[in-house]
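One structure is given below, encoded as structure tokens.
Nothing in this text is a laboratory measurement; each read-out follows from the coordinates by a stated rule. The structure presented is a predicted model; accordingly, all values stated were derived computationally and were not measured. Don't worry about glycine lacking a Cβ; one is built from the backbone with ideal geometry, like all the others, and counts go over all protein chains shown.
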Amino acid sequence: MNKYFKVFVWIIISFFYLNSLTVSFAEEKIKIGLLIPLTGKDKDIGQQIIKSTRIALKDINSNNLEIYPKDTRSNPKQTIKSAYELKEMGVKIIVGPVFYSSLEYLNEIEDLTFVSLTNKTLNLPKNILSGGVNATSQLNAIKEFLELNEIKKTIFLTPKIDYEPEIKKAIKQSKIKISKYHIYDIEPTKLTAQIEKITNYKVRKQNLADEIKRVENSELIDKEKQLEKLNKRYTIGNVNFDSVIISDFDESLKSVITSLLYTDVSPKKKFIITFNQWFDESLLEEKTIQPIYYPSIDKDNLENFKKKYYLEFNEYPNYLALLSYDLIGLIYYLSLNNELIDANKIFKKKSSFKGKIGIFEIENNKINHKLNFYQINEGLLKKIF
């Protein structure tokens, strides 16, 4: 009788012990802070991120995940205030802020980890990771394209604006081979003069004039035919590159390509490659400057997310909404096999995560994206890889 009583007691103790473990696990929440502009001029961006986070929570469908949004007002002082409030709530890891300028004081909170939506990577403190599609990720994809097409001579054009140091860092990190690096002025008349110099336009123009004069003064049998052909040309002589990488966007990008056309550098003869254009539809209409090539996120995934978002909220999201959706999923995924006591450690191990935006590659507190590559030609967008 004593023997059975001991067994019964052991079963009761085991039951309560295992039940307490289950309750403890159930109560162990993954708390993610969200630092976004909820008031001020950028509040619409913040609202879209909130909505995409709601979709992420619905898709992950876990009772162990909680999101705590706080307002930054796109102001660094308000950002640090909100970050301290999240720390008091027991949050260890935060998605945000959105803008690089809001990061200014966040190095003061060393025991919090911030996964910002910015794509800038320069001078980031150890507790801040850039989650945006950075220049290194883009140049890694461009490098792959150059190697696939055995393109040997590439020049790099970048505007004289604030992200020039970011570009130089990315060139070094990606180890892409560049034969010449040029910085240009975005003011149109200065730009044209610089492109003329880069493409050796005046010499090539003079070569044509000299050849026309030579043929005119010759006694060639087919002189008229040769002159007819020469008069249809703009220059004689090749440029010293096979491809051009232009780290520019919108109308400024179009101006650079137009200047190349003016100096008789045709996209049909030289590869014109640019940075991620987020599928800017206005580029499809500019057939004279095509073909154009650029790296970007997975377009099919983007379109599927936009449909899902529209069905939920009757509006279309911006790309920051898609990025924030993925970052919530990324942190949840990394947290499943790691403790969040030191959240920074989960980004030190080498791993990868497949999100809607594409593949995140994580190692040594760095996030890079494995991007796809696209061509715009004859008004159509085509995926290369």
>> Let me see the P(r) profile for segment 24-125: every Cα-Cα distance counted, bins of 5 Å, each bin given as a percent of all pairs.
In response: 3, 13, 23, 24, 18, 11, 5, 1, 0
> If you bin the C-alpha pair distances of segment 204-300 every 10 Å from 0, what whole percents do you get?
Replying inline: 14, 37, 23, 16, 8, 2, 0
> Exactly which trypsin sites (Lys or Arg not before Pro) in segment 161-266 are in a DSSP loop and have at most 11 other Cβ atoms within 10 Å?
Replying inline: LYS175, LYS232
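The chain: D in µm²/s via Stokes-Einstein (Kirkwood Rh, Cα pairs, 4 °C, 1.567 mPa s)?
Details: Rh = 24.2 Å.
Answer, rounded: 54 µm²/s.
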> For segment 43-196, what does the alpha-carbon gyration tensor say about shape, rounded, prolate or oblate, given a ≥ b ≥ c as the root eigenvalues, a/c under 1.5 as rounded, and a/b over b/c as prolate?
Replying inline: prolate
> Which ³J(HN,Hα) values in Hz, rounded to whole numbers, follow from the phi angles of segment 35-45 under the Karplus curve 6.51 cos²θ - 1.76 cosθ + 1.60, where θ = phi - 60° and Gly and Pro get x?
Replying inline: 9, 9, x, 9, 10, x, 5, 9, 4, 5, 5
> Expressed as an acute angle from 0 to 90° and rounded to the nearest 10, what is the orientation of the C-alpha long axis of helix 76-88 relative to the principal long axis of the chain?
Replying inline: 30
>> Can you give me the long-range amide H partners of GLY237? Hydrogens built in the peptide plane at 1.01 Å from N, cutoff under 5 Å, separation of 5 or more residues or another chain.
In response: none
>> For a Förster distance of 56 Å, can you work out the FRET efficiency between the beta-carbons of ASP300 and LEU220, rounded to the nearest 0.05?
In response: 0.45
> With each label point set 7 Å from Cα along the Cα-Cβ vector, what nm distance links TYR310 and GLU187?
Replying inline: 4.4
>> Please list 3J(HN,Hα) in residue order for segment 361-371, calculated via the Karplus relation 6.51 cos²θ - 1.76 cosθ + 1.60 where θ = phi - 60°; whole Hz, with x for glycine and proline.
In response: 10, 10, 6, 6, 6, 10, 10, 10, 10, 8, 9
> Does segment 124-198 classify as rounded, prolate or oblate by the C-alpha gyration tensor (a ≥ b ≥ c root eigenvalues; a/c under 1.5 gives rounded; else a/b over b/c gives prolate, otherwise oblate)?
Replying inline: oblate
>> Give me the base-10 log of I(q)/I(0) for segment 144-288 at each q in 0.16 Å⁻¹, Debye formula, one uniform scatterer per Cα, rounded to two decimals.
In response: -0.92
>> For the pairs LYS232/LYS254; LYS180/LYS349; LYS126/LYS308; LYS31/LYS356; LYS31/LYS81, flag any whose C-alpha to C-alpha distance is greater than 30 Å.
In response: LYS180/LYS349; LYS126/LYS308
> On a 0 to 90 degree scale, rounded to 10, what angle separates helix 201-216 from the longest Cα axis of the chain?
Replying inline: 30
>> What does the C-alpha gyration tensor say about the overall shape of segment 285-341? Classify as rounded when a/c is under 1.5, otherwise prolate if a/b is larger than b/c, or oblate.
In response: oblate
> Can you give the helix-only mean residue ellipticity at 222 nm for the chain, where every DSSP H stretch with n ≥ 4 adds -39500 (n - 2.57) and the sum goes over all residues, rounded to the nearest 500 deg cm²/dmol?
Replying inline: -14000 deg cm²/dmol
> Between the helical axis of 188-198 and the dominant principal axis of the chain, each derived from Cα atoms, what acute angle in degrees is found, rounded to the nearest 10?
Replying inline: 70
> Rg(Cα) of segment 237-385 divided by 2.2 N^0.38 Å?
Replying inline: 1.29
